[in-house]
1. Apply the Karplus parameterisation 6.51 cos²θ - 1.76 cosθ + 1.60, with θ equal to phi minus 60°, to every residue of the range 43-58 and state each ³J(HN,Hα) to the nearest whole Hz, in sequence, with x for glycine and proline.
2. Provide the percentage of antiparallel DSSP beta bridges, counting only those with both residues in the chain; round to the nearest 5.
3. Within the range 139-191, list the trypsin sites (Lys or Arg not before Pro) lying in a DSSP loop whose Cβ has at most 13 other Cβ atoms in a 10 Å radius.
4. So if I place +1 on the C-beta of Lys and Arg and -1 on the C-beta of Asp and Glu, and nothing else carries charge, what would the dipole magnitude of the chain be about its Cα centre? I want it in debye, nearest 20.
5. Give or take rounding to whole Å, what are the principal axis extents of the alpha carbon atoms in the range 159-202, in descending order?
6. Could you work out how far the C-alpha centroid of the range 78-92 sits from that of the range 150-192, in angstrom?
7. Averaged over all directions, how much area does the convex hull of the C-alpha atoms of the chain cover when projected, in nm²?
8. Can you tell me the order of 116-127, 268-279 when each peptide is scored by its average per-residue count of other Cβ atoms within 10 angstrom, highest first?
Amino acid sequence: MSFKVRKAVLPAAGLGTRFLPATKAMPKEMLTLVDKPLIQYVVEEAVDSGIESLVIVTGRDKSAIENHFDISYELEQTLQERGKTEIFEQVRGVADIAKISYTRQKQPLGLGHAIYQAKDFVESEPFAVLLPDDIIDSSTPALKQMIEVFEKYQSPVIATMQVEGEAISRFGVIDAEEIAPNVFKIRDMVEKPSVADAPSDLAIVGRYIFTPDIFRAIETTTPGAGGEIQITDAMRNLLKERDFYAVRVDGVRHDAGDKFGFLKATVEFALKRADLGEEFRDYLRTLKL
Ligand code: G1P
């Protein structure tokens, strides 16, 4: 029997410590690249990849995320009264974007534990996980590139990208064999290895397609790097029983949860905007760097 990937899980419970004080009272997922929150870019990527319903795993002080994807009556009414049709449609479009539900991770016990909170939502289907910090700018949505591979192999698929030098130790890293252009069969994986221990330069980036047996694997995973229940460790356990594949996704990844990554993403997204790009480019040229 072959399955379609219809559901997606977005872990958004992290404390955003890399971005304090901005994230003291505001969810990091609501930081904006130009005028759109990070999490909206990722929800759009999921929807553009064919996902029909999503669950966002939130935590304390994350209600701005729910409000963002809800109808805002006063705002919409005011915009309509003032004849601001275009912006009204944009605002309403955000509320209509997809079927979104919410669940909470009550304690910050790691990414594996956050994903586990979606068990009841997922039931017995394959599902995608998208990390909202990782913004992937690509002509074909990154998740869509992965779904094509999932449909062929009917096995879990993770996204990978090549990372140069010491930065590799900030990622999960795979040991894998390329079996088709940009498609790998995974031999092993490790979460945040030292540079010397990294098995390759292929980093795991924040997109995954799992089968429901990942939940059983998470249940038997003990805390790893950082004392947290790591999804990489759960995948590694499951790798003993089933095949995992990786897709070297075509696109540019921005680590928007990091200040420097966020700045770079802001500049690149602003330069691409039809309404701002030219003026912004001219402005950047006047800076004496
Ligand atoms: C998480 C994963 C890691 C992956 C990374 C991609 O780490 O645990 O395997 O490489 O996302 O962004 P985090 O960045 O949450 O520490």
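Values in this text are rule-based calculations from the coordinates and carry no lab data. Worth saying up front: this structure is predicted, and the values here are computed from it rather than measured. Note that we place each Cβ from the backbone using ideal geometry, even for glycine, and neighbour counts take in every protein chain shown.
1. 4, 5, 4, 4, 5, 5, 9, x, 6, 9, 9, 10, 10, 9, 8, 10
2. Here the share of antiparallel DSSP bridges comes out near 60 percent.
3. none
4. Numbers: 36 positive and 46 negative charges, 92 e Å.
So the magnitude is around 440 debye.
5. 28, 18, 15
6. 44 Å
7. Here the figure is 17.2 nm², rounded to one decimal.
8. Per-residue Cβ counts within 10 Å, averaged per peptide and sorted highest first, yield 116-127, 268-279.
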